[in-house]
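To start, the structure under review is shown below, and the notes come after it.
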Amino acid sequence: MGSDSKHIITALQRLAMFWRASQWLVAKDFALNPTQGEVLTRVAAKPERAVDLADMLGISQASLSDSVAALDRKGLVRRRRDPDDGRARMIEVTRAGASLAERMPDAPAVIQEAIAGLAEDDRAGLLRCLSLIIRSLQEAEAIPIQRMCLTCHYFRPHVHTDPVRPHHCGFVDAAFGDGGLRLDCADHETATEEEAARNRTRLSAVG
Ligand code: SF4
């Protein structure tokens, strides 16, 4: 491994340490643990099937069930039958859960300010590189597949000549740049393996 790769790994470790510590601080403020906090914010955005939620968070069904049961006891979420699949359960927020989720910060102010302080091009480049790293981890089955542009049927990387907006989203039929790459998009439609491989090759080849 080259020394630049080692420095990148050190940087990621530092950020991960900061993130873990801040998750526990936020959780403590809201009397939740970090997984419960994640489940609550996910279902506050949109009701999710239990099986999908576990996949998205990269946790086991048993661990998800424990978190949902704890949130249920606190009156923050409830389970209901999935109208499209009688055997599946949807998790949704209660009014109290929605109100708590609204007050929970997306991320600590200090990291939001640090990211906002980067130049626009740097933020876009960072998002592109992080998307590619996340995709590599998914391909290695180290983390679950996410609803990201790189795995989306609608994604067309580098099809436009405009260097600011070289990519195309077929869902909204619009061009966009690296800064618009999504990691969790509600309009995502899973690409075939060939499409996902092509997306990755094109995004990484033309930097
Ligand atoms: S639908 Fe969403 S995930 Fe798919 S290309 Fe468009 S923005 Fe990206």
Check your understanding: Considering the range 90-142 alone, what residues qualify as being open to solvent by 70 Å² or more (accessible area, probe 1.4 Å), among the basic types (Lys, Arg) and touching a helix residue (DSSP H, G or I) at 6+ places or on another chain (Cβ under 9 Å)?
Key -> ARG123
Study note, to complete from the structure: Contact list, first residue from the range 21-32 and farther than 14 Å from ARG103 by Cβ and in contact (Cβ under 8 Å) with a residue 12 or more places away in the chain, second anywhere and of a type in the set (A, V, I, L, M, F, W, C) and surrounded by fewer than 16 Cβ atoms within 10 Å (Cβ to Cβ), beta-carbon distance below 9 Å, six or more apart or interchain, is SER22/ALA107; SER22/VAL110; SER22/ILE111
Practice item. Confirm whether CYS129 is over 25 Å from ILE8 (Cβ atoms) and of a type in the set (A, V, I, L, M, F, W, C). Key: no
**Study point:** Number of the exception - ALA69 against (1) more than 16 Å from the ligand (Cβ to nearest atom); (2) open to solvent by 60 Å² or more (accessible area, probe 1.4 Å); (3) in a helix (DSSP H, G or I)
**Key:** (2)
Point to revise | One residue from LYS6, LYS28 being modelled with pLDDT under 90, open to solvent by 30 Å² or more (accessible area, probe 1.4 Å) and assigned to a helix (DSSP H, G or I) | key: LYS28
Practice item. Answer with yes or no whether ARG156 is touching a helix residue (DSSP H, G or I) at 6+ places or on another chain (Cβ under 6 Å) and surrounded by 17 or more Cβ atoms within 10 Å (Cβ to Cβ). Key: no
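Listed here are the residues, each with its yes/no results for (1) modelled with pLDDT of 90 or more; (2) touching a Leu at 6+ places or on another chain (Cβ under 8 Å).
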site: GLY97; (1), (2): yes, yes
site: GLU102; (1), (2): yes, no
site: ALA107; (1), (2): no, no
site: LEU118; (1), (2): yes, yes
site: ILE133; (1), (2): yes, no
site: ALA142; (1), (2): no, no
site: VAL159; (1), (2): yes, no
site: ASP162; (1), (2): yes, no
site: HIS167; (1), (2): yes, yes
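The values are calculated or read from the model by the stated rules, or taken from the named source; none is laboratory data. Quick caveat: nothing in here was measured; it's all calculated off a predicted structure. Cβ sites come from the backbone with ideal geometry, for glycine too, and all protein chains shown count toward neighbours. Ligands, DNA and RNA are excluded from the accessible area calculation, which covers all protein heavy atoms including side chains. Shrake-Rupley method; radii C 1.70, N 1.55, O 1.52, S 1.80 Å.
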